[in-house]
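Written out below as C-alpha cells is the structure these notes cover.
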Amino acid sequence: MSETNSRIPGGILISEESPGLQKPTAVFLDIDGTIITKESGPFRDDIEGIESAGSGGHYFFICTGRGFGHIPAELREAPWVDGIVAGGGVHVVLDGKILYQKSTPVKALREISALFLANGKRCTFQGEKATYCINRSDYIRITGKDDFVVKYPGAAISMMTVDKTIDENTRAFLETFFDIYPQIPHYDCFIKGETKSKGMQILLDAVGIRREDSAAIGDSANDLDMIRYAGVGIAVGNACDELKAAADWVSAPCGEGGIVRALEYLGLIPGSE
C-alpha cells in the first residue's frame, strides 16, 4: 500500500484510476459498518457487485472481529463467501475447512468470569459456535466462574466485548490477555498478539495470491491492521477518521454502495476496468 496519497477534502483520492491489481484478486471485507449497518444489510447492490466480481474468478473473504459463531448465518453461509477470518485473526476458514484456530485459555476465562460476576459489569464472550454473556440476558448466560469448564468446555472463545464503564484496574487485568480497541459503546478485546493480517496471509497463501494483489475494505480502528496489510486499503465513507487517513481510497458509506463502488474502483466488476 502506498505511504502517501494526494487527497481532496473528505479523504477521497483525487485520482480515480484503478490500482491495477493482478487477477485473480482477494478482497477482504469487514462486517459491521462495512457490509451491514446496525439497522440493516447486507445490501442488494453490494452483493450483486460481489457476485459479479466473483464470476470473474476473484476471491471474497470476510475479515471480522466477530467470533465465528457471532457472524450472522446469512453471511457465514453465503455462497459468495470463499473463506472467513474471524475473531480478529484467530479463526481462519477456507471452503469450510479450519486452517488456523486459537482460543482464550480456559484459566483466563475462569478468572475473567469471576471478576465480572463480582463487579456487575456487562461483557460478552464470542466463540466458535455461540455467544455468551455476563450481566446481560441477550445471549447464553454465564452464571458461575467455572461455566466454561463445566458447562461449555468447547466454547473456543476468540474475543470479548466489555462495557466502557470498566475501571482502569479491570482494563489493565484484561490487557494481560487481550489487545483492546474502543468501539461504541464498548471495548473489543482480541487475543493478544493475534491480528487480522495474520489470518489474511494464511488465506492468501492457501489460494496462491500475492499480498500486493489483495484489497481490504473496512470502517473502524480495528480494521487498521487489515487496511495497511492489503495491497489496496479502502475505507467506506462512514469510517472513522483514523482509518480514512490510512486508506488508499475512500468509498461511499455502508448502505449507500460502499462495497460496489470500491469494487468498481478496483476494476473487479466486468466493464469497470
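Quick notes
- Taken as a whole, the structure places Phe178 among residues that are among the aromatic types (Phe, Trp, Tyr), within 20 Å of His70 (Cα to Cα) and either surrounded by 15 or more Cβ atoms within 10 Å (Cβ to Cβ) or in contact with a strand residue (DSSP E or B) (Cβ under 7 Å, 6 or more places away or on another chain) (or both).
- Of all residues in region 1-60, those satisfying the criterion of being surrounded by 12 or more Cβ atoms within 10 Å (Cβ to Cβ), out of contact with any Phe, Trp or Tyr (no Cβ under 8 Å at 6 or more places or on another chain), at pLDDT 95 or above and among the charged types (D, E, K, R) are Asp30, Asp32, Asp45, Asp46, Glu48.
- Qualifying residue in region 42-52 (condition: part of a loop (DSSP other than H, G, I, E, B), touching a residue at least 40 places away in the same chain (Cβ under 8 Å) and of a type outside the set (A, V, I, L, M, F, W, C)): no
- Test: residue in region 215-223 that is of a type in the set (S, T, N, Q), in a helix (DSSP H, G or I) and modelled with pLDDT under 95: yes
- Residue that is farthest from Ala86 (Cα to Cα), among those in region 225-258 that are out of contact with any Ser or Thr (no Cβ under 7 Å at 6 or more places or on another chain) and of a type in the set (Val, Ile, Thr): Val250
- Verdict on Val150 being modelled with pLDDT of 95 or more and touching a Phe, Trp or Tyr at 6+ places or on another chain (Cβ under 7 Å): no
- Arg66 vs. criteria out of contact with any Leu (no Cβ under 6 Å at 6 or more places or on another chain) and surrounded by fewer than 24 Cβ atoms within 10 Å (Cβ to Cβ): no
- Residues that are assigned to a loop (DSSP other than H, G, I, E, B) and of a type in the set (A, V, I, L, M, F, W, C) occur in region 198-209; there is at least one.
- Residue within region 89-109 that is at pLDDT 95 or above, of a type in the set (Gly, Ala, Ser), on the phi > 0 side of the Ramachandran plot and touching a helix residue (DSSP H, G or I) at 6+ places or on another chain (Cβ under 8 Å) present: yes
- A search for C-beta distances below 7 Å between a residue of region 235-258 that is in the same structural domain as Gly41 (by TED's automatic domain parsing) and any residue that is of a type in the set (Lys, Arg), counting only pairs 6+ apart in sequence or on different chains, returns Ala235/Lys244; Ala246/Arg228; Val250/Lys244; Ser251/Arg261; Ala252/Arg261.
- In the set (1) closer than 20 Å to Ser214 by Cβ; (2) in contact (Cβ under 8 Å) with a residue 24 or more places away in the chain; (3) in contact with a Cys (Cβ under 9 Å, 6 or more places away or on another chain), the condition left unmet by Ile84 is number (2).
The values are calculated or read from the model by the stated rules, or taken from the named source; none is laboratory data. Please read all numbers here as calculations on a predicted model, not as lab measurements. Note that we place each Cβ from the backbone using ideal geometry, even for glycine, and neighbour counts take in every protein chain shown.
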